[in-house]
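These notes concern the structure reproduced below.
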Amino acid sequence: MAQPLIKKDDDRDDEADYSPFLGIEKGAVLQEARVFNDPQLDARRCSQLYSSVLFRTDLGLFRVDSGYYQAFVSAESGRNLYKGQIEATEVFFAVTKLFQSRDIGLRRMVYLMIKELSPSADEVIIVTSSLMKDMNSKTDMYRANAIRVLCRITDGTLLTQIERYLKQAIVDKNPVVASAALVSGIHLLQTNPEIVKRWSNEVQEAVQSRAALVQFHALALLHQIRQNDRLAVSKLVTSLTRGTVRSPLAQCLLIRYTSQVIRESGGNTQTGDRPFYDYLESCLRHKAEMVIFEAAKAITELNGVTNRELTPAITVLQLFLSSSKPVLRFAAVRTLNKVAMTHPMAVTNCNIDIESLISDPNRSIATLAITTLLKTGNESSVDRLMKQITNFMSEIADEFKIVVVEAIRSLCLKFPLKYRSLMNFLSNILREEGGFEYKKAIVDSIVILISDIPDAKESGLLHLCEFIEDCEFTYLSTQILHFLGIEGPKTSDPSKYIRYIYNRVHLENATVRAAAVSTLAKFGALVDSLKPRIFVLLRRCLFDCDDEEPSEEPFDINSVPKEIKSQPLAEKKAPGKKQPTGAPPSGPPSPDDAYEKLLSSIPEFSGFGKLFKSSAPVELTEAETEYAVNAVKHIFDSHVVIQYNCTNTIPEQLLENVTVIVDASEAEEFSEVATKPLRSFPYDTPGQIFVAFEKPEGVTAVGKFSNMLRFIVKEVDLSTGEAEEDGVEDEYQLEDLEVVAADYMLKVPVSNFRNAWESMDPNGERVDEYGLGPRESLAEAVSAVINLLGMQPCEGTEVVPNNSRSHTALLSGVYIGNVKVLVRLSFGIDSSKEVAMKLAVRSEDENISDAIHEVVASG
Amino acid sequence: METCPSVKNILLLDSEGKRVAVKYYSDDWPTNSAKEAFEKSVFTKTQKTNARTEAEIAMFENNIVVYKFVQDLHFFVTGGEDENELILATVLQGFFDAVGFLLRGNVDKKEALENLDLILLCLDEIVDGGIILETDANVIAQKVASHSMDAGAPLSEQTISQALATAREHLARSLLK
């Protein structure tokens, strides 16, 4: 019997030989299917073939084109292979044919098939008479199984017809038949409760059955019939707890029902004794482990359980802790873990046994053991415990480590005096290998400890500083830098953090650099003594950024640094006021000298004319991804250039010939005319890719572009910095980018809206009213329309006073083609939050006024 | 806790995590891909454990899974997080031993696939709609293996063809509506 474990490759071969189900040819099944028409029906062969169909059901492959279907249908009807669609009904007919077989095994497969196919009412008729006949058969196995099948497919009408048989079956001498009827009753109670409730006399009788499982099923059904009758349940429990319950499963049920009665009876009697506690306690001496455990668990979950009540339960659980069976150890330590949350003292007696479980080969048990100990441990045992955990941590998966980190966090909050060793532990594991979720759990814990334990602040902040020196997760670095900006300036010596923060400005990707600059600014704003030093650093980091740009891309020199420069300047004007948090790459929304210079320096784009507008960057990747990409839309009269700003965040990779493959099938009026790829794209050096589209002049075409980054990736040896010779072509899907109507509108303010409005020709005015439907609020509706139009709100009219029922917003802008546009928007909201809007547009060109209406009408 | 002990699924996978036979009794995994994802995650996380002498146990997505391996077959039984672990282990042991009896000790994937009908019947005799029917491996195996011919039971050809005729007429009517 004991054959050696087969190696993978051999296994493959075996599969083809032995499994008729996995790789079988349709023809072979048809060949096989002849057995159904054979007058000397080979039942066993049929049964095996049958299982292949069921097997496919399990795979979810019960498709109409399945060879198996066809095999059955053709076998049944004697027709040629049925082509085209085959109804499940036909399979069902085929199945019923097999009722003629006398073979029990095959009959049972038919039963199974009927259950799997869950036939419709029409189809049920075919099998009902056969099943009813089986239900009255002399063969017990037929009866039991026919009952289960019939009850599964029955409806209310049919059920009334067979009710008499079912009631008899419940008290049948044969336990298999009785159980089948009882279990079916449990299922039927959900759909036909009024019928099943009529069986309670028979069910009551079955509860007294000598057959163990009949008693179990009868008890479950009886309880469900009576579950809304508290008194009846209480009586049931009272009589059974005094009598004999044979099966361990029934005993477990009774324990659950007893707990329910205890809970609902509302606590202790006058004498302080809990009713039925003695019964639960006696179950702790039962011979079946499942009953002992059920009772122990029930006791630990009693409302307001006392230590005296707990003790015997804890004692048996403690014995289970040293069982040779992992399931038993797991169940026991999991229950003790829960007890430790409310009664840590009650569990301390088991601490030695639990400690030995730290080395349990089952890591779930080991983790439960650790977290239990962390809950029950006292101040003096913390250090010893931490030593044990340190060894354990390297052996378990991240998901378990997170549980441990969380337990350590609560332990530290419980014993603040022990913060030193716990904080050390956290900082040590922070330095080790680990995934994002795990590292985040540690960082979160340190942050919470810093916030809650003042003494832990300085050391905690330094641990975090050390961590970001070598942190691969942009999200965590920025979170920590942000936190440093809040907590750092409040410490006794803020200057010691500056070095760590300033280092980030040199060595990190754009997002982290931005966070670091922002944090430096916070230190500068909040700590007067540091202000001069910070200014120097901020100025210096501008020059550093310049040096970082690759010289082979001439336009870079003008673009990125300009954007960064704007930030510290604003900082200088208003130190100590509002903190800028924007990242450097997010450039200003208006057309920008830098963009203009940049684009005109590219020969392919020089013929596009004057740049009308450049949008704000739109992120095309999630934070923390391998490649960070955002896009800027540059709008020209008859062209749109998309500028993809990319950062490669993987040190081990050098990308070459990077292009963006743009699918403009959902932007019909655009056609791609030029693309400017990035020849070389090393780690952490921002680069740009451009794709230019032509569009009809004077048409404000809109549409959606789907983007895919395509490149050759080469591995970089980090020790030498050398890239491999050969690369692999790869692709990376980016988010979609949309060109919308607002892209064709420049936000240009006017100094006096009323004068400007009056000076425009009233004949070019276009007015219309729109219903905006129910909105969240008036303010939300106003800002949605302003965003849709992309215009400049004037005179502060974008702000809607609280509780206003109506509002007027004044907007101005310049539309593509340099057409001045003014808009008056009047909003009203009713009690059901329906918003109506009147839109009046004046412009130098009435076609443009119409175009604005179209934007709103289609938006 | 007042509820009857219940089983959410029973899985029999091979040594690569592919299905040999599975049966779900709960709606927690409504689609086939949800079921496959669950099987994959359970298989991957238990693959390296040694569940050959004693049944092992783990938690997945708020479910308890008890499991045992033999040769190239992996047996799993899943229940809710509040279920009594030992009850689930008893169901697993019943399934495991019954399959052992039915395959006459040759418990491996090849033998299991060749006798898949027995395995499927075995599953059907252990749990019905999530409720435990029987956990004694001997009884389960006997119920499955009772292949004796039964003289009293066969239905006459007439009964079946009558039924088919009635049903076909019935179906045609409902199609014409």
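Could you look through region A:316-358, keep only residues that are in a helix (DSSP H, G or I) and free of Cβ contacts under 8 Å to residues at least 24 places away in the same chain, and pick out the one that is farthest from residue B:82 (Cα to Cα)? Quick ask: steps written out before the conclusion?
Looking only at region A:316-358, we keep the residues that are in a helix (DSSP H, G or I), and these are A:316-321, A:326-342, A:344-358.
From what's left, free of Cβ contacts under 8 Å to residues at least 24 places away in the same chain: A:319, A:327, A:342, A:352.
Details: A:319: 21, A:327: 14, A:342: 18, A:352: 26 Å.
Result: A:352.
Within region B:42-64, restricting attention to residues that are β-branched (Val, Ile, Thr) and more than 10 Å from chain A (Cβ to nearest Cβ), which residue is surrounded by the fewest Cβ atoms within 10 Å (Cβ to Cβ)?
Taking region B:42-64 and keeping what is β-branched (Val, Ile, Thr), we get B:42, B:44, B:46, B:49, B:53, B:57, B:64.
Still in the list and also more than 10 Å from chain A (Cβ to nearest Cβ): B:42, B:44, B:46.
Working: B:42: 23, B:44: 10, B:46: 20.
Within region B:42-64, the match that is surrounded by the fewest Cβ atoms within 10 Å (Cβ to Cβ) is B:44.
Go through region A:296-337 and give me each residue that's more than 18 Å from residue A:283 (Cα to Cα) and within 13 Å of chain B (Cβ to nearest Cβ).
A:303, A:323, A:324, A:325, A:326, A:327, A:329, A:330, A:333, A:334, A:337
Please find, among A:166, A:159, the residue that is crowded, with 19+ Cβ neighbours inside 10 Å and at pLDDT 80 or above. Let's see the steps before the verdict.
Working: A:159 fails: crowded, with 19+ Cβ neighbours inside 10 Å.
Unique residue meeting the criteria: A:166.
Take the conditions of a type outside the set (Val, Ile, Thr), within 11 Å of chain A (Cβ to nearest Cβ), closer than 28 Å to residue A:403 by Cβ and surrounded by fewer than 16 Cβ atoms within 10 Å (Cβ to Cβ) and apply them to residue B:34. Does it pass? Steps first, please.
Working: of a type outside the set (Val, Ile, Thr): yes; within 11 Å of chain A (Cβ to nearest Cβ): yes; closer than 28 Å to residue A:403 by Cβ: yes; surrounded by fewer than 16 Cβ atoms within 10 Å (Cβ to Cβ): yes.
Yes: the conditions hold for residue B:34.
Restricting to region B:76-90, count the residues that are more than 10 Å from chain A (Cβ to nearest Cβ) and farther than 9 Å from residue B:64 by Cα.
Counting residues in region B:76-90 that are more than 10 Å from chain A (Cβ to nearest Cβ) and farther than 9 Å from residue B:64 by Cα gives 1.
If you take the residues in region A:701-749 that are under 22 Å from residue A:626 (Cα atoms) and aromatic (Phe, Trp, Tyr), which one is surrounded by the fewest Cβ atoms within 10 Å (Cβ to Cβ)?
Once the filter is applied, the top-ranked residue is A:732.
Results for (1) buried (at least 21 other Cβ atoms within 10 Å of the Cβ); (2) more than 25 Å from residue A:254 (Cα to Cα), shown as yes or no for each residue.
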| residue | (1), (2) |
| --- | --- |
| A:109 | yes, yes |
| A:126 | yes, yes |
| A:129 | no, yes |
| A:140 | no, yes |
| A:147 | yes, yes |
| A:173 | no, no |
| A:185 | yes, no |
| A:189 | no, no |
| A:194 | no, no |
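Checking the condition in contact (Cβ under 8 Å) with a residue 40 or more places away in the chain and aliphatic (A, V, I, L, M), which residue from A:799, A:767 passes? Reasoning before the result, please.
On the way: A:799 fails: in contact (Cβ under 8 Å) with a residue 40 or more places away in the chain.
Among A:799, A:767, only A:767 is in contact (Cβ under 8 Å) with a residue 40 or more places away in the chain and aliphatic (A, V, I, L, M).
For region B:129-138, does any single residue satisfy the condition of being touching a residue at least 24 places away in the same chain (Cβ under 8 Å), in contact with a strand residue (DSSP E or B) (Cβ under 7 Å, 6 or more places away or on another chain), more than 9 Å from every other protein chain (Cβ to nearest Cβ) and not in a loop (DSSP other than H, G, I, E, B)?
no
Please count how many residues of region B:106-128 are free of Cβ contacts under 8 Å to residues at least 60 places away in the same chain and among the β-branched types (Val, Ile, Thr).
1
Looking only at region A:202-246, which residues are more than 14 Å from chain B (Cβ to nearest Cβ) and either among the aromatic types (Phe, Trp, Tyr) or under 41 Å from the mean Cα position of the chain (by Cα) (or both)?
Result: no residue meets the conditions.
How many residues does region A:315-327 hold that are over 14 Å from residue A:361 (Cα atoms) and buried (at least 22 other Cβ atoms within 10 Å of the Cβ)?
Taking region A:315-327 first, the residues over 14 Å from residue A:361 (Cα atoms) are A:315-320.
Of the ones still in play, those that are also buried (at least 22 other Cβ atoms within 10 Å of the Cβ) are A:317, A:320.
Of the residues in that region, 2 qualify.
Considering only region A:130-177, how many residues are under 45 Å from the mean Cα position of the chain (by Cα), more than 14 Å from every other protein chain (Cβ to nearest Cβ) and among the basic types (Lys, Arg)?
Summing the residues that are under 45 Å from the mean Cα position of the chain (by Cα), more than 14 Å from every other protein chain (Cβ to nearest Cβ) and among the basic types (Lys, Arg) in region A:130-177 gives 0.
Does residue A:699 qualify as being closer than 16 Å to residue A:657 by Cα and out of contact with any Leu (no Cβ under 8 Å at 6 or more places or on another chain)?
Details: closer than 16 Å to residue A:657 by Cα: no; out of contact with any Leu (no Cβ under 8 Å at 6 or more places or on another chain): yes.
The answer is no for residue A:699.
Look at residue A:233 and say whether it is among the hydrophobic types (A, V, I, L, M, F, W, C), farther than 24 Å from residue A:152 by Cβ and out of contact with any Ser or Thr (no Cβ under 6 Å at 6 or more places or on another chain).
Details: among the hydrophobic types (A, V, I, L, M, F, W, C): yes; farther than 24 Å from residue A:152 by Cβ: yes; out of contact with any Ser or Thr (no Cβ under 6 Å at 6 or more places or on another chain): yes.
Considered against the rule, which asks whether it is among the hydrophobic types (A, V, I, L, M, F, W, C), farther than 24 Å from residue A:152 by Cβ and out of contact with any Ser or Thr (no Cβ under 6 Å at 6 or more places or on another chain), residue A:233 comes out as yes.
Could we say that residue B:79 is modelled with pLDDT of 90 or more and touching a strand residue (DSSP E or B) at 6+ places or on another chain (Cβ under 8 Å) here? Before the answer, list the steps.
Numbers: modelled with pLDDT of 90 or more: yes; touching a strand residue (DSSP E or B) at 6+ places or on another chain (Cβ under 8 Å): yes.
The answer is yes for residue B:79.
So which strands (runs of 3 or more DSSP E) are wholly in region A:608-685 and hold at least 1 residues that are more than 30 Å from residue A:720 (Cβ to Cβ)?
On the way: elements: A:627-635, A:639-648, A:653-666, A:671-676, A:678-681.
Counting at least 1 such residues, we get A:627-635, A:639-648, A:653-666, A:671-676.
For region A:420-440, which residues satisfy the criterion of being in contact (Cβ under 8 Å) with a residue 40 or more places away in the chain, in contact with an Asp or Glu (Cβ under 9 Å, 6 or more places away or on another chain) and either exposed (fewer than 15 other Cβ atoms within 10 Å of the Cβ) or under 23 Å from residue A:488 (Cβ atoms) (or both)?
A:427, A:436
So, in region A:198-229, of the ones that are part of a loop (DSSP other than H, G, I, E, B) and of a type in the set (D, E, K, R), which residue ends up surrounded by the fewest Cβ atoms within 10 Å (Cβ to Cβ)? Break it down into steps so the answer makes sense when it comes.
Here is the first cut: in region A:198-229, the residues part of a loop (DSSP other than H, G, I, E, B) are A:208-211, A:227-229.
Filter again for of a type in the set (D, E, K, R), leaving A:210, A:229.
Details: A:210: 9, A:229: 11.
Per the stated criteria, the residue is A:210.
The values are calculated or read from the model by the stated rules, or taken from the named source; none is laboratory data. Quick caveat: nothing in here was measured; it's all calculated off a predicted structure. Every residue, glycine among them, receives a Cβ derived from its backbone with ideal geometry; neighbour counts consider all protein chains shown.
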